[in-house]
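Remarks on the structure that follows.
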Amino acid sequence: MSFHQARYPERLVKEYSSDNSSFIEYTEIPEWFPDSMRRGSLNLPQIAEYDVVRHFTRLSEMNYSVDTGVYPLGSCTMKFNPKYADRIASIQEFSEVHPLSGEDNMQGSLRIMYELQEMLKSISQMDEVSLQPPAGAQGEFTGIMIIRKFFEVNGEGSIRNEILIPDSAHGTNPASSAMGGFKTVEIPSNGDGMVDLGALESALSERTAALMITNPNTLGIFDSQISEIARMVHSAGGFLYYDGANFNAILGKTAPGKMGFDITHFNLHKTFATPHGGGGPGAGPVGVVKKLKDFLPVPIVRKNMERYFLDSSLKNTIGKVAGFYGNFGILLRAWAYIRRNGSDGLCEITERAVLNTNYLAGKLSQKYRIPYAKIKKHEVVVSSEGTGKRALDIAKYLLDQGLHPPTIYFPLIVKEALMIEMTETVSREDLDLYAESMLKALEVSESEISEMPRNTAVRRVDEVKAARDQILRW
Amino acid sequence: MHSKDVPEMLNFLSLKDIGDLFSDIPPDVRVDGINIPAGISEEKLLDEASAIASLNRLPSISFLGKGAYRRFIPSVVDHVSSIPQFQTAYTPYQAEISQGMLQALFEYQSVISDLTGMDMTNSSMYDGPTAAGEAARMAYRCSEGDTFLVPDIIDRNVLSVIQNYLHGLPVKITSYMVDRKTGKIDLADLASKVDRNVFGIFAGIPNALGILDDNVFRIQEIKGNAMLVTYYDPISLGAVKPPGEYGTDIAVAEGQQLGIHLAMGGPYLGLFSFRKEYVRKSPGRLIGKTTDSDGNPAYVMTLQTREQHIRRDRAMSNICTNQALMAISALSYLSAMGSKGLRSVSAATLKNSRKLIDALEKTGAGKYPFNAIPFSDVLFKMHLSSSDLAARLGESGISGGIPARDLITFPEEGYHFFSVTELTGDEEIEALAHALGGATR
């Protein structure tokens, strides 16, 4: 493994110049176009094709990626992105379809969407799925809006204004809830890293709209009290929302529907291996139980005999959460991944991912404190507290070894946290190497580690200066 | 992982069976597998995907637009966006090992700021409509009042997304009039609706009717304390005065046209720019330029205290995953095309929409009903019935002519959109005129 990052003093794209622009024929702005509307100067970069390629190739060589090596960011599920999915997404009949082509002209794309809806229903044991949300956080927001609309329709809209969220939750959960106009109430974890049922009981009330949790949680712990939690939330009249970011831990082992959840979102760019694009695009479909079917965004793809069509007739729909039908190019890749792996493959993926993470945790437990001594699922949180090293320093050491560090300082409830998710696409050799490096980091002297990284394209980056200077453009 | 490693790894963990790793899942919530078909080989998968793809029919002639457009994409753009180190990277949390993506996104922020004449641009939103929704929320944070003004003729999907984004705030959405004859904002009506309670005004250029509405330039004279949110077309800025030059506070757009494939509606790109005094209230990721410990230039995600992973329920937005790779496509598109290229695309679009109006009016099939200049989307009042129109287009294999009321809040019957780009050829316009010719009044 061990990545060697290139180091180029690569200039900005606007510092290149060329008078070569022959991608399309030159056309003058027509003389009838009024001066009052005309643009004056326009200063876009003007760069020759060969320099475009060299510029971006050099930049790419200063960037780590899944294709480069192990990328164990916790809760990010950075698994290998199989190349057949990209090949399928580049088929012209998929990539060039206009979204307003009409149902007759897009039967193939609609079939992909329909099949993906059906497969996600089976995987989650939900009753209906919308593919429209373009990212996981947008899936959460969609779920929140569905909950809000449900209570508005049944007359409890002004009363049920609270969403309960465990303290170990992803930051998007409270942010999405607040965007939907809800007050968020934090539920503490108990000594086992699970929801504190006493605290939950006292937080539940006629104001509760929902409890939003992920299971396994961000500590990688499966909350075995989930049936009881579901019973408590439901008897208070609230909904149970499943944050699907950690779905890679449960494929074929349990399902949100089985656990009593009413709404779930999926992160296709995590669980179903679509490339993350350096930050996006993703896709965050949402599944709901029967009671909430009518509230989903429109349209939903349906099938009548052998014909697929778009159904916008949902009675209480929240409307739209994105321009068209969702990130189709990502949906298509996820379809391909699920078809290729199938029921047997998906179950094995979860088994291997969980095995890898526990194996690594076992190796690290020699020197690192692992809070909440239990079997972990897809990820493990270790702490460097008491080792004399900060999580940040360990991360910088790993960079110098050519390894991508784990997520650090999250979840917030563990001090000096290093959150590690080893997916199924990591070999045992790489697990051993990664563990060895993390253990070695603890032996490096304070003075030496504070000088790291040295082997990267740049040394430690001054974040405080960035926030102060606010240089966000050339 | 090799399957021979499994027993040894389990042994290391003092476990017997891989199922032991799941012993913490109580029996009452366990499932036994997934009810979907078993996996298939890559060979079979590719066959199946090709067969399904062939069920799609790409039109030989297309006049489709309204939010997504078939434009020329230089080959180099597809190349750049498929570079594995960009395509398979995560969000650049670890700056030192992600300098390539960070610099590229910094360049994207810069080039969109130059294009729009705005101070700053974030590193991407999901698409145009969600960027509009985030802009409405940001306007609320940056001003005072409880009213967001939108035109009474607006794209249905944009309006619906804005409604959802504003639903959680104590605000209302009120509409101002678009003049039915000119197709432009009724400035007197808008002025009468602007008061201290208005925190934002949404205006499109081109607007929902497809018109380059120069009345948008004059909103700054009457907007008072309201934030002006301009929804523009990035390609049009090759010819048209940019949002930064007429008092825009937040400029948002659908960026699909900047080198991104149609792909049935996504992934696309939300462009989001704003005036610098509002940076701390802005949503989304921002890349800043700084230095490393040796004093060399370096890039890093900055002002993260606005974001959900730090600020949680008080974050400016919930956005986490964005559309970074599409931002790279847009950057490489604009870099390759350059100013001359973008001006040409814009100019050819203007010429083609004029040609289309001339051709269709000549046949008597329809009339351009507004005293205005459209950009890509040309809304005709057709003399043909909707069913006759659909039949004629169908027979000729032409896509387009979507009824206006399906897409925008404009209930009149008989209005249909035909959209052009720089790729629309004279022969395609002739074919359309031919298909619709001979219509009776």
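Laboratory data are not the source of any read-out in this text; all were calculated from the coordinates shown. Just so it is clear, the model here is predicted, and its values are computed rather than measured. All Cβ positions, glycine included, derive from the backbone under ideal geometry; neighbour counts span all protein chains shown.
Per residue, what volume in Å³ does the Cα convex hull of the stretch A:85-341 take up?
Details: hull volume 31.2 nm³, N = 257.
Considering the Cα atoms of the stretch A:85-341, their hull volume per residue is 121 Å³.
The mean number of Cβ atoms from other chains found within 10 Å of a Cβ in peptide B:130-137 is 2, as a whole number. Residue order for B:S346, A:S158, B:S332, fewest other beta carbons within 10 angstrom first, comes to A:S158, B:S346, B:S332.
Give the distance, in whole Å, between the Cα centre of the stretch B:315-342 and the Cα centre of the stretch A:429-459. Cα centroid of the stretch B:315-342 versus Cα centroid of the stretch A:429-459: 34 Å apart. Where a Cα-Cα gap under 21 Å defines reach, which lysines qualify for B:K193, not counting those fewer than 8 residues away within the same chain? Within the straight-line limit of under 21 Å, B:K193 reaches these lysines: B:K172, B:K181, B:K184, B:K223.
Stretching the chain fully between B:E43 and B:E245 yields a gain of 67.2 nm (0.36 nm per residue, less the alpha carbon separation). Centre-to-centre separation between the Cα atoms of the stretch B:273-314 and those of the stretch A:302-370: 30 Å.
Checking every one of the chymotrypsin sites (Phe, Trp or Tyr not before Pro) in the stretch B:380-431 against DSSP loop status and a limit of 12 other Cβ atoms within 10 Å picks out no site at all. Our analysis of the protein assembly as shown gives Rg over Rh at 0.96, with the two radii drawn from alpha carbon positions and Rh computed by the Kirkwood formula.
Could I get the Rg over Rh figure for the stretch A:6-154? Both from C-alpha atoms, Rh via Kirkwood, rounded to two places. Kindly include the intermediate steps, with their values, before the conclusion.
Details: Rg = 23.4 Å, Rh = 21.7 Å.
Rg/Rh for the stretch A:6-154 comes to 1.08.
Taking a point 7 Å from the Cα of B:I222 along the Cα-to-Cβ direction, the residues of the stretch B:119-151 with backbone N closer than 17 Å to it are B:148-151.
Assuming R0 = 41 Å, what is the FRET efficiency of A:H234 and B:E361, from their Cβ-Cβ distance, to the nearest 0.05? If you can, show how the numbers build up before the last one.
Details: r = 63 Å, r/R0 = 1.54.
After rounding, the FRET efficiency stands at 0.05.
Where in chain B are the helices, taken as whole DSSP H runs, whose Cα atoms extend 18 angstrom or more along the long axis and whose Kyte-Doolittle mean reaches at least -1.0? The partial results should precede the final answer.
Numbers: long enough: B:99-116 (25 Å, 0.28); B:128-142 (21 Å, -0.23); B:324-363 (45 Å, 0.30).
Qualifying helices, which must be both long enough and hydrophobic enough, are B:99-116, B:128-142, B:324-363.
The share of C-alpha pairs in the stretch B:75-334 whose separation exceeds 29 Å stands at 29 percent.
Note on chain B: Rg/Rh from Cα positions, Kirkwood definition for Rh, rounded to two decimals, is 1.04. The average projected area of chain A, computed from the convex hull of its Cα atoms over all directions, is 27.6 nm².
Determine the dipole magnitude for the stretch A:1-59: charges of +1 sit on the beta-carbon of Lys and Arg, -1 on that of Asp and Glu, nothing else is charged, the reference point is the Cα centre, and the result goes in debye to the nearest 20.
The dipole of the stretch A:1-59 has a size of about 480 debye.
May I ask for the percentage of alpha-carbon pairs in the stretch B:158-243 that lie more than 21 Å from each other? Every Cα pair in the stretch B:158-243 considered, those over 21 Å come to 32 percent.
With the cut-off at 21 Å, tell me which of the pairs A:K121/A:K376; A:K183/A:K258; A:K253/A:K376; A:K149/A:K290; A:K121/A:K291 have Cα atoms farther apart than that.
A:K121/A:K376; A:K183/A:K258, as the Cα separations exceed 21 Å there.
A straight line joining the Cα centroids of the stretch B:41-72 and the stretch B:200-229 runs 36 Å.
Which value at 222 nm does chain B reach when only helices count, each DSSP H run of 4 or more adding -39,500 (n - 2.57), with the total divided by all residues and rounded to the nearest 500 deg cm²/dmol? The partial results should precede the final answer.
Working: 14 runs with 156 residues, N = 441.
Result for chain B: -11000 deg cm²/dmol, rounded to the nearest 500.
The relative contact order of chain B comes to 20 percent, based on Cα pairs under 8 Å that sit 6 or more residues apart.
Count the net charge of all other residues whose Cβ sits under 10 Å from the Cβ of A:S18, scoring Lys and Arg as +1 and Asp and Glu as -1.
Details: positive: none; negative: A:D19, A:E49, A:D51.
Every neighbour counted, the sum reads -3.
Give me the net charge for the shell around A:F80: Cβ to Cβ below 10 angstrom, other residues only, Lys and Arg +1, Asp and Glu -1. Walk me through the intermediate numbers first.
On the way: positive: A:K79, A:K83; negative: A:D67, A:E424.
Here the charged neighbours net out to 0.
Counting charges near B:T321 (Lys, Arg +1; Asp, Glu -1) among other residues having Cβ under 11 Å from its Cβ returns a value of +2.
The charge dipole of chain A, taken about the Cα centre with unit charges on the Cβ atoms of Lys, Arg (+1) and Asp, Glu (-1), comes to about 460 debye, rounded to the nearest 20.
With the convex hull drawn around the C-alpha atoms of the stretch A:1-59, the volume per residue stands at 135 Å³.
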